[in-house]
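Report on the structure given below.
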Amino acid sequence: MITFKRFKHASFKGDLFGGVTTAIISLPLALAFGVASGAGAEAGMWGAILVGLFAALFGGSTSLISEPTGPMTVIMTAVLTAMMSKYPENGLAMGFTVVMMAGAFQVLLGTLKLGKYVTLMPYSVISGFMSGIGVILIILQLAPLLGHQAPAGGVIGTLSNIPNLLMDLHFSELFLGVITLAILFKMPSKWRQYVPAQLVALVAVTLLSVIIFDTDSIRRIGEIPSGLPSLVFPVLTPELFVEMLIDALVLGTLGCIDTLLTAVIADSLTRTEHDSDKELRGQGIANIIAGLFGALPGAGATMGTVVNIQVGARSPIAGIFRALILMAVVFIAGGLTEPIPMAVLAGIAVYVGFNILDWSFIQRAHKLSMSQMAIMYGVMLLTVFVDLIVAVGLGVFISNVMVIERLSRVQANHVKAISDSDSDEDVPLTKKESELLDQANGKLLFFYLSGPMIFSVSKAIARQHRKISEYNAMVLDLSDVAMIDVTVGLAIENAITDALDAQCRVFIYSPNTETTDKLKRLNIHERLGDSAFCASREIALSQAIETMATAD
């Protein structure tokens, strides 16, 4: 549903300028990504138009520019390659069916309000798989850069064919590709303020190719049809349904991560806050429509978004203007794309892949954390040579295990068991409470827990109550416990059971309602009785002393 709240800060001049500027940036990238994916330049252009338009209309951010991105193109390339190799006749339609399924998955995530969880993964994992995607994009463009069609087999196929590619170089196309890369990497920053380097490279090298090479001596992209794209009806096969579903989940999840990370950057620049769930629904709708028209999927694009904001755009109108401008280019000037060399687009794609690499983290990861550096490189290598799902899954799992291990060491220090007031200065006893504890002459165990208690501290709790049989009473202080999970609740239950088996009376001080409710669900109230739950730490200690005196 379109909400007009995001349009209230619209500035016609700023939004128009933002639309024009981002359209100029998008044009060479859309062509490059379309050709790189194997779907053609037309698919890239219509992806930039449809994803950009409908994400702007239905999204949850004011200034986000959405279009085909490098990461999405890499995954889409793999999807199309796999589908077309197995089903040459329907492979293309099946690939775009995956795009529709990915969009539906994004809509589902947004509808279930899961947007805030999408990017909850360690930065080393995000950096690793994004850098891996950058490496894949570079490798896949080596063959086009050398004047050849991309060989079958993806990354492995390209790397194994490098000797053959080098033995049969097309020097004219390599020359154009090198010139393109030289412009992209060496163009002065002061010029980039006025015109994107990608557009300069596209126009300049295309003109150069027209002047010095015959039309048929190098591969060119040809004319883009000027009409609306044809509808692509979904094609599903039982044999590949699971594979298509997995591809859709990968594509949709990557689009969510790419978009929401960009939205956070946009928020920091505009001092606004995006609606993650609405943005995912908008991206999903946009990708469903893109797939339906045989266009590349897209996501929030960092470069376009940042430029859009810097030139003064403050509402989704800029994204709408951008889409309309690109549509006009297709309808009116589609023939101008005909002489563009494939090598130029390959050079642009290589440059994008180089920029996707997280150089900032790569250069200093070894200074920050050797373990996180290992995870980052591991995820990157798995992304390149194995699979994105395996890479992210293993990366998140190993990172979480390492975090839990560190947290368990820290939290273990918050599990205290003392029998006199001088045992541990970190236990917050008042003077009166200390006197009561000392009055027990070492026969009262004061069990103090603090902070969030998660499953990793259950062993520490077990260690502290092993000698419970040496005491006549135990006071369990949960006043500073922020939360307990099921495992810790069961560990506390075991401690209480051991105490009762040893004829040791138990008293509990738990002012936190959530913690008390968790203990009630474990039937601890029934076993101890309501009198064992005390209103204060001092009362709990006093009752324990009285019980011990009565027993004596």
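The values are calculated or read from the model by the stated rules, or taken from the named source; none is laboratory data. This structure is a prediction, so every number in the text was calculated from the model and none was measured. Backbone-built Cβ (ideal geometry, glycine too); neighbour counts: all protein chains shown.
Yes/no per residue for (1) buried (at least 24 other Cβ atoms within 10 Å of the Cβ); (2) within 21 Å of L50 (Cβ to Cβ); (3) among the hydrophobic types (A, V, I, L, M, F, W, C); (4) not assigned by TED's automatic domain parsing to the domain that holds G227:
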residue: V242; (1), (2), (3), (4): no, no, yes, no
residue: D247; (1), (2), (3), (4): yes, yes, no, no
residue: K278; (1), (2), (3), (4): no, yes, no, no
residue: I289; (1), (2), (3), (4): no, yes, yes, no
residue: L296; (1), (2), (3), (4): yes, yes, yes, no
residue: M303; (1), (2), (3), (4): no, yes, yes, no
residue: V307; (1), (2), (3), (4): no, yes, yes, no
residue: G312; (1), (2), (3), (4): no, no, no, no
residue: A318; (1), (2), (3), (4): yes, yes, yes, no
Conditions: (1) without any contact (Cβ under 8 Å) to a residue 24 or more places away in the chain; (2) part of a loop (DSSP other than H, G, I, E, B). L429 meets all but one. Number of the miss?
(1)
Have a look at G34, G18, G40, G47 and point out the one that is touching a Pro at 6+ places or on another chain (Cβ under 6 Å) and either closer than 25 Å to L145 by Cα or in contact (Cβ under 8 Å) with a residue 24 or more places away in the chain (or both).
G47
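Residue-by-condition table, conditions (1) under 20 Å from the mean Cα position of the chain (by Cα); (2) under 22 Å from L326 (Cβ atoms):
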{"position": "F54", "(1), (2)": "no, yes"}
{"position": "M83", "(1), (2)": "no, no"}
{"position": "G91", "(1), (2)": "no, no"}
{"position": "M101", "(1), (2)": "yes, no"}
{"position": "I126", "(1), (2)": "yes, no"}
{"position": "G134", "(1), (2)": "yes, no"}
{"position": "P151", "(1), (2)": "no, no"}
Options T77, T97, T81, T21; residue that is outside any loop (DSSP other than H, G, I, E, B) and over 30 Å from G177 (Cα atoms):
T97
Here is a check on your reading of the model: is D438 assigned by TED's automatic domain parsing to the domain that holds D501 and in a strand (DSSP E or B)?
no
Of all residues making up the range 465-504, the number that are of a type in the set (G, A, S) and within 45 Å of the chain's Cα centre (by Cα)
5
Report, by residue number, each residue of the range 67-117 that is surrounded by 22 or more Cβ atoms within 10 Å (Cβ to Cβ), farther than 27 Å from M303 by Cα and of a type in the set (A, V, I, L, M).
M83, M94
For residues that are over 32 Å from the mean Cα position of the chain (by Cα) and among the charged types (D, E, K, R), scanning just the range 153-187, find the one that is farthest from M342 (Cα to Cα).
D168
Looking at (1) assigned to a helix (DSSP H, G or I); (2) farther than 24 Å from A78 by Cα; (3) not hydrophobic (A, V, I, L, M, F, W, C), which is the only condition Q283 fails?
(2)
When you go through A549, A491 one by one, which is the residue that is within 21 Å of L437 (Cβ to Cβ) and assigned to a helix (DSSP H, G or I)?
A549
Over the range 323-349, the set of residues free of Cβ contacts under 8 Å to residues at least 60 places away in the same chain and either under 16 Å from A32 (Cβ atoms) or under 31 Å from the mean Cα position of the chain (by Cα) (or both) is L336
Subset of the range 188-228, residues modelled with pLDDT under 90, under 33 Å from the mean Cα position of the chain (by Cα) and assigned to a loop (DSSP other than H, G, I, E, B), comes to Q193, Y194, V195, P196
Taking the range 378-399 on its own, how many of its residues are without any contact (Cβ under 8 Å) to a residue 12 or more places away in the chain and either more than 16 Å from V155 (Cα to Cα) or surrounded by fewer than 12 Cβ atoms within 10 Å (Cβ to Cβ) (or both)?
3
